[in-house]
Amino acid sequence: MYFTSEPEHITMLRETVRRFAKKELTDDKLRAWDKACEVPMDVFHRFAETGACGVTIDEEYGGSGRDLVAAVAIIDELARYGAAIAGPFIHCAFYGGVNISENGSLKQKQELLPKLARGELLMAYGLSEPNVGGDLAAVETTAKLSEDKNTVTINGTKRWCTAARIADYVICLVRSDDESKKYKNLSMVMVPLDTPGIDIVDLDHIGLRYAKTTDVIFTDVEISADHILGGIDGWNKGWNMLASEALDVEKLEITGVALGVATAAVEDAWAYSQERKQFGKPISSHQSVRHDLVEARTKLQACRHMLYHAAFLAQNRLPCSVETSMAKLFVGDTALDIVLKCQQVMGAYGCVSEYAMERHVRDIMVMPIVGGSSKIQKNNIAGRLRLP
Ligand SMILES: Cc1cc2nc3c(=O)[nH]c(=O)nc-3n(C[C@H](O)[C@H](O)[C@H](O)COP(=O)(O)OP(=O)(O)OC[C@H]3O[C@@H](n4cnc5c(N)ncnc54)[C@H](O)[C@@H]3O)c2cc1C
């Protein structure tokens with residue numbers, strides 16, 4: 001494995017994101033949005049005007065060409081300001097752009113990708129359920145195809161559906177065939193969130209408060225079969241869609257948030273330690289504080305290498321299930337460790353909402369859990385490496 005300088009177009013993209021963030025994502029706004037658990041969508045739409053949402057979408061559909069390393073760099077930069085815009089960006093460019101580019105029918109690509117490239121659509125993700133966490137293939141929400149194959153009727157409850165209140169569609173993993181074997185009885189459906197029969201119930205949660213996370217309850221919800229991901233040919237092929245590129249890329253996108261949040265925490269603690277004086281000198285001069293800060297920066301560097309290496313493999317369509325799982329596992333756990341150390345450096349000031357550190361702590365707490373927990377990543381890696 002060799003390392004070279006970052007491609008120039010990604011460095012430029014980072015500068016664009018930084019300029020936007022400096023102007024739009026000020027501390028007072030971030031604090032208010034986090035408290036309300038809601039980010040005004042006009043801020044996201046102004047961000048989309050930079051063209052960033054097209055980074056996962058081919059040029060023929062209005063994007064700038066699939067570039068997963070650039071997409072991860074955008075998340076990494078945005079997440080230094082928390083999940084406020086990183087969250088909606090993921091719902092658009094990843095849940096929408098990556099999923100539909102990879103698994104959508106021609107009709108779905110033509111209809112949805114240009115809107116996603118412009119940042120005009122958000123997709124929520126409905127994988128988890130009240131009885132389903134790590135074992136996704138055990139989903140209980142049912143989808144029945146009508147005899148004429150024109151409509152699909154959905155019943156069940158999706159849990160932790162983040163941003164369902166602001167998204168246009170929820171992409172759900174559903175049980176579409178009771179007869180077949182596990183993994184071959186699942187489909188992905190894109191349900192417009194204004195369809196009759198859908199109830200949305202808010203869940204109160206810590207961390208990633210760019211939007212409410214919710215239960216989405218389906219009671220005899222009828223949608224056109226055009227909303228099966230991949231069209232009618234995608235029926236009962238949902239697991240393959242999920243377990244292929246989509247899951248690898250989901251690991252990258254969450255890991256990007258963890259890296260961005262941890263980077264912000266290190267920067268904040270680094271600056272604070274030079275301003276805060278105790279025992280007649282800046283606390284950065286006390287050896288144990290210095291060591292904590294340097295350890296945090298060193299771990300951060302390791303996290304960065306793991307993430308961008310995995311993103312490089314995914315971008316080049318090289319086998320990367322092990323590397324994306326390792327990145328999710330290592331960065332998720334290490335970022336939590338880094339942020340908690342940085343909070344300690346800031347003492348009591350790391351525990352009050354006037355300082356962003358308190359939000360970094362809440363955001364990072366969920367990283368080893370969401371998108372496949374650390375333990376599930378360990379199982380994935382052991383399985384992929386054929387550990388008996
Ligand atoms: C803020 C937030 C936002 C979220 N947003 C979304 C979203 O938008 N869409 C969505 O679908 N989901 C979302 N989730 C759900 C998230 O992805 C799940 O919480 C996650 O997959 C873990 O599932 P669980 O919490 O049910 O844990 P469980 O699967 O019940 O696991 C509980 C514990 O047991 C361990 N465990 C379980 N099985 C094994 C095993 N085989 N081996 C070893 N250990 C095991 C787990 O690691 C964990 O520590 C969100 C969650 C949160 C907190």
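Worth a mention:
- Evaluating ARG14 against the criteria (1) outside any helix (DSSP H, G or I); (2) within 16 Å of SER64 (Cα to Cα) leaves one unmet condition, (1).
- Subset of the range 157-173 (residues that are more than 10 Å from the ligand (Cβ to nearest atom) and in contact with a helix residue (DSSP H, G or I) (Cβ under 7 Å, 6 or more places away or on another chain)): ILE166
- Answer residue from the range 332-354, given it is surrounded by fewer than 18 Cβ atoms within 10 Å (Cβ to Cβ) and among the small types (Gly, Ala, Ser) and is nearest to PHE94 (Cα to Cα) among those: SER353
- The set of residues from the range 197-223 being near the ligand (Cβ under 10 Å from one of its atoms), of a type in the set (Gly, Ala, Ser) and on the phi > 0 side of the Ramachandran plot comprises just one member, GLY207.
- Which listed residue, of MET367, MET357, is within 16 Å of the ligand (Cβ to nearest atom) and surrounded by 20 or more Cβ atoms within 10 Å (Cβ to Cβ): MET367
- When the range 179-219 is limited to residues that are charged (D, E, K, R) and touching a strand residue (DSSP E or B) at 6+ places or on another chain (Cβ under 6 Å), the one that is nearest to ALA138 (Cα to Cα) turns out to be ASP215.
- Selection status of LEU203, of a type in the set (A, V, I, L, M, F, W, C) and either surrounded by fewer than 18 Cβ atoms within 10 Å (Cβ to Cβ) or modelled with pLDDT under 95 (or both): yes
- Among the numbered conditions (1) farther than 30 Å from LEU30 by Cβ; (2) in contact with a Gly (Cβ under 6 Å, 6 or more places away or on another chain); (3) not hydrophobic (A, V, I, L, M, F, W, C), the only one that GLY230 does not meet is (2).
- Per the listing SER101, SER128, the residue uniquely among the hydroxyl-bearing types (Ser, Thr, Tyr) and away from the ligand (no atom under 13 Å from the Cβ) is SER101.
- Any hit, the range 97-115, residues being surrounded by 17 or more Cβ atoms within 10 Å (Cβ to Cβ), among the small types (Gly, Ala, Ser) and in contact with a strand residue (DSSP E or B) (Cβ under 6 Å, 6 or more places away or on another chain): no
- Residue in the range 69-81 that is at pLDDT 95 or above, closer than 25 Å to LEU127 by Cα, outside any helix (DSSP H, G or I) and out of contact with any Pro (no Cβ under 9 Å at 6 or more places or on another chain) present: yes
- Residue match in the range 354-369 (condition: in contact with a Cys (Cβ under 7 Å, 6 or more places away or on another chain), over 15 Å from GLY256 (Cα atoms), at pLDDT 95 or above and not charged (D, E, K, R)): yes
- Of residues in the range 289-305 being among the charged types (D, E, K, R) and farther than 21 Å from GLN278 by Cα, the one farthest from the chain's Cα centre (by Cα): GLU295
- Residue within the range 54-68 that is of a type in the set (S, T, N, Q), more than 16 Å from the ligand (Cβ to nearest atom) and not assigned by TED's automatic domain parsing to the domain that holds THR214 present: yes
- Any chance HIS227 is assigned by TED's automatic domain parsing to the domain that holds ASN185 and either within 14 Å of the ligand (Cβ to nearest atom) or at positive phi (or both): no
For every residue, the table says whether it meets (1) buried (at least 22 other Cβ atoms within 10 Å of the Cβ); (2) aromatic (Phe, Trp, Tyr); (3) touching a residue at least 24 places away in the same chain (Cβ under 8 Å); (4) in the same structural domain as PHE47 (by TED's automatic domain parsing).
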| position | (1), (2), (3), (4) |
| --- | --- |
| ASN131 | no, no, no, no |
| LEU136 | no, no, yes, no |
| ASN155 | no, no, yes, no |
| ARG165 | no, no, yes, no |
| CYS172 | yes, no, yes, no |
| SER176 | yes, no, yes, no |
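- Restricting PHE3, PHE47 to residues that are surrounded by fewer than 18 Cβ atoms within 10 Å (Cβ to Cβ), of a type in the set (Phe, Trp, Tyr) and not assigned by TED's automatic domain parsing to the domain that holds TYR210 narrows the list to PHE3.
- Selection status of VAL322, of a type in the set (A, V, I, L, M), within 16 Å of the ligand (Cβ to nearest atom), within 20 Å of the chain's Cα centre (by Cα) and surrounded by 14 or more Cβ atoms within 10 Å (Cβ to Cβ): no
The values are calculated or read from the model by the stated rules, or taken from the named source; none is laboratory data. Predicted model, so just to flag it, every value in this text is computed and none were measured. Note: ideal-geometry Cβ built from the backbone for every residue, glycine included; neighbour counts use all protein chains shown.
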